[in-house]
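Asks: Could you have a look at this structure, given as C-alpha cells, before my questions?
The values are calculated or read from the model by the stated rules, or taken from the named source; none is laboratory data. If you're wondering where the values come from, they're calculated on a predicted model, not measured in any experiment. Neighbour counts run over all protein chains shown; Cβ positions are idealised from the backbone, glycine included.
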C-alpha cells in the first residue's frame with residue numbers, strides 16, 4: 001500500500017489550496033456572529049390585501065402547489081367547489097396594491113418567490129393574474145351589446161369590422 005506523501009517543495013501549494021478551499025466554503029462571519037449578506041437578492045414580498053393566509057407561512061411555502069393541484073383535481077374531476085385553497089382566492093388576497101396583480105414585477109407576490117427560486121409559473125397561462133373585476137358583463141362583452149377585447153379582435157378577424165354590435169350584427 002502506497003501512502004501519499006507531500007514533498008517539501010510542494011507543501012506550500014497544498015497549504016494554499018487547503019486555505020482557499022476553507023475560505024471559499026465557509027461564509028465570512030462578523031464579530032457579533034452574524035453572517036455576511038448573500039450575493040443573491042432575497043425576494044421582497046408584498047403581501048397584498050390579505051392579512052392572514054389559509055395556512056402557516058412555512059407550510060404554504062413548501063406545499064402551496066400541492067394544495068392548488070389537489071383543489072384543481074377535486075374541482076375538475078369530482079365537481080367539488082370550495083374556496084379555501086382556490087387559486088382565485090389566492091389571487092384576490094395576494095394581488096399587489098400597486099398593480100392589482102400577482103405578476104408583473106419582482107415585488108409581486110407570486111413572481112418574487114418564483115423568480116428567486118427559478119421556478120416557472122404556468123398557472124397564469126390559463127388563469128388570470130389579477131382579481132376579477134366586479135361588473136355585470138363577461139370580460140369579452142363591454143356592455144350595451146358592444147364588443148371589446150378578445151371579442152372585438154375575433155369579430156374584426158371574422159368580419160373586418162370591430163364596431164358591429166352583438167345583438168343586431170349591424171354596423172353603428
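Asks: Quick check on my filter: what residues within segment 42-61 are part of a helix (DSSP H, G or I) and at pLDDT below 90? Can you show your working first?
Replies: We begin by selecting, within segment 42-61, every residue part of a helix (DSSP H, G or I); these are 57-61.
Residues satisfying the conditions are 57, 58, 60, 61.
So that you can scan it fast, the table gives a plain yes or no per residue for (1) modelled with pLDDT of 85 or more; (2) part of a loop (DSSP other than H, G, I, E, B); (3) exposed (fewer than 13 other Cβ atoms within 10 Å of the Cβ); (4) in contact with a strand residue (DSSP E or B) (Cβ under 9 Å, 6 or more places away or on another chain):
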{"residue": "91", "(1), (2), (3), (4)": "yes, no, no, no"}
{"residue": "107", "(1), (2), (3), (4)": "no, yes, no, no"}
{"residue": "110", "(1), (2), (3), (4)": "yes, no, no, no"}
{"residue": "133", "(1), (2), (3), (4)": "no, yes, yes, no"}
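Asks: Quick check, is residue 114 outside any loop (DSSP other than H, G, I, E, B) and either exposed (fewer than 13 other Cβ atoms within 10 Å of the Cβ) or modelled with pLDDT under 70 (or both)?
Replies: Details: outside any loop (DSSP other than H, G, I, E, B): yes; either exposed (fewer than 13 other Cβ atoms within 10 Å of the Cβ) or modelled with pLDDT under 70 (or both): no.
No, not satisfied.
Asks: Okay, next question. Return yes or no: is residue 27 modelled with pLDDT under 65, outside the structural domain of residue 111 (by TED's automatic domain parsing), farther than 24 Å from residue 107 by Cβ and touching a strand residue (DSSP E or B) at 6+ places or on another chain (Cβ under 6 Å)?
Replies: Answer is yes for this residue.
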